[in-house]
Every structure is written in structure tokens, then in C-alpha cells.
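The values are calculated or read from the model by the stated rules, or taken from the named source; none is laboratory data. Note that this is a predicted model, so its numbers are computed, not measured. Cβ placement follows ideal geometry from the backbone for every residue including glycine, while neighbour counts extend to all protein chains displayed. When the accessible area is computed, the model is the full protein with side chains, heavy atoms only, and any ligands, DNA or RNA have been set aside. Shrake-Rupley method; radii C 1.70, N 1.55, O 1.52, S 1.80 Å.
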Amino acid sequence: MSWKFKNRNWSGSVVTISTVIFAIVSLISVYISLTTWQTQREAARPYFSFIESPSLKVSNEAYEFEFKFKNVGVHPATSLYSRTLVFEQNLSQRPILIDDYTVVNDIPRDTSTSLLLNLQDKDFYDKANINPHFIIIYLTYADPIVDKPYTQTIYLKWAGVIAGQPQPLLHVEMTEKENIVRYIENRGLLNNLN
């Protein structure tokens, strides 16, 4: 009789261990599925990229910058809002331009939108030689499919004007970015958005 009891106890233990192993494997499968789903969802989010290099047009009284963005994500972007900051590279003065812009329409996949900036001659002391300036474009938008907001910051540097010749726009270096972020935070330039 004790032999039958030991066999039943042993077989019950095997069943219990098998059930525990199956439960652990099931939990791991659920975790992997959720992680994959979240990764796929993030990969489909809206995301803005330049279509082409930003352009600069010089008129008699202004420097006109045009930035063409394209939604390269799968999902559309809604409620696109941008705040553009332009300030001297030396980071010692107030911004010469703070420009807020809102796009009313949705921006579907592979659709572009433009951002125009006008810097007036009156913003500069010397028109023949303009010091380098940073141009920071802070974007906020939403993904209506997953109902999630996103932000994106683009850091550019305009090399200014040397001997009357406008210089190109360049990407900011990582060491410059740290100083820019500190400058923006210390002055509260991204507070009270929208």
C-alpha cells in the first residue's frame, strides 16, 4: 500500500512540475509577444525628417529659411506644433527669434510640410558679417492611431554671413548640444508650449 501512495505522490509531483514549467513558458511567450507588439507600434509612429537640405534665400531686408519636413513614419501625425528658436552661437544674448507655428491638418505618411522663417535685417547689428547662430526646431505632434504624443528636436547651426556672403546651415555637434540644452533650460524657452 505504501508503494501505491509513493507512486501517486511522485506522479502528482511530475504533473505539478510540468504545470509550473508550462506556466513559465507561457509567461515568457506573452512577454515576448507584448515586447514585439510594442516595438512594432513604435516603429510605425509618425516621425519627421528633412526632404532636402534647408534652403536660405536672401532678400533686401530679410534672410528667409525654408525647412521641408516629411512624415516618414507609417502613422499620420496630428496637432503638429513647432517652436523655433534662433540665437547667437556665443549663447550670451537673448534669442533674436522665437517663432511658434501650428499645422491644423493631419500629416499622413509620405506627406510633407514646410516651415518658413524670416530673419529681418533689423535683428542684426552688422549686415556684412553676421555671427553664427543656432536654429533649434522643437516639434510636438500626436499619433492618432495609438493616441500618444511625441516630441522631436532638431539642432542646426547657421554659419552666418562672412563678407556679405551667406554661409550654409550645418548640423550641431554633440558638445554644442549640451550647451544649447542648458541655455534653453536656463531661460525657460520651451516652457508654456501650445
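Of note:
Per-residue answers, yes or no, for (1) without any contact (Cβ under 8 Å) to a residue 24 or more places away in the chain; (2) in contact with a His (Cβ under 6 Å, 6 or more places away or on another chain):
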site	(1), (2)
Arg109	no, no
Leu117	no, no
Ala128	no, no
Pro144	no, no
Trp158	no, yes
Glu173	yes, no
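- Residue in the range 93-102 that is among the basic types (Lys, Arg), open to solvent by 30 Å² or more (accessible area, probe 1.4 Å) and in contact (Cβ under 8 Å) with a residue 40 or more places away in the chain present: yes
- Enumerated strands (runs of 3 or more DSSP E) restricted to the range 119-179, each holding at least 1 residues that are more than 26 Å from Glu52 (Cα to Cα): 148-158
- Within the range 61-90, tally of residues that are farther than 20 Å from Tyr150 by Cα, open to solvent by 20 Å² or more (accessible area, probe 1.4 Å) and touching a residue at least 60 places away in the same chain (Cβ under 8 Å): 2
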